[in-house]
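First up is the structure itself, then whatever we jot down about it.
Throughout, read-outs are computed from the coordinates displayed, never taken from laboratory work. Being a predicted model, the structure only gives us computed values, none of them experimental. FYI the Cβ positions are ideal-geometry reconstructions off the backbone, even for glycines, and counts take in every protein chain you see.
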Amino acid sequence: MTIPAGAEPGLAAALPSVGSWSFILARPDLPDDAAFRLARALHRGEAAIARRLPQAEETTAANTLGAAPHRDLIHPGVLRYLREVGIAR
């Protein structure tokens, strides 16, 4: 990832950096339906969020699944959403 020159005050040259997409932490007892609705709302709004915040371009449903070191770390409600949209099995 590279932060372009002029993106921040005083940044005169491109700055190579390390970054990651956004993620949300939830308590384990968050109801499955609430996690499902949150995942659906976020991922339906992927394009709109990325237009306002360029670094959010990589915050996608597919990257959510791919970034988890173990599938059991993804909330069951989010997994249900990812299955319904064909991203997870």
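Taking 0.36 nm per residue of sequence separation and subtracting the Cα-Cα distance, how much length would be gained by fully extending the chain between D72 and R37, in nm to one decimal?
Working: separation 35, 0.36 × 35 = 12.60 nm, distance 1.88 nm.
Here the segment from D72 to R37 would lengthen by 10.7 nm.
If you take the square roots of the eigenvalues of the alpha-carbon gyration tensor of the chain and sort them as a ≥ b ≥ c, do you get rounded (a/c under 1.5), prolate (a/b over b/c) or oblate? Present the calculation step by step, with values, prior to reporting the outcome.
Numbers: a/c = 2.58, a/b = 2.26, b/c = 1.14.
Prolate, since a/c reaches 1.5 and a/b exceeds b/c.
Once you put a point 7 Å from the Cα of L25 and another 7 Å from the Cα of A47, both along the Cβ direction, what distance in nm separates them?
With each label point 7 Å from Cα toward Cβ, the separation is 3.3 nm.
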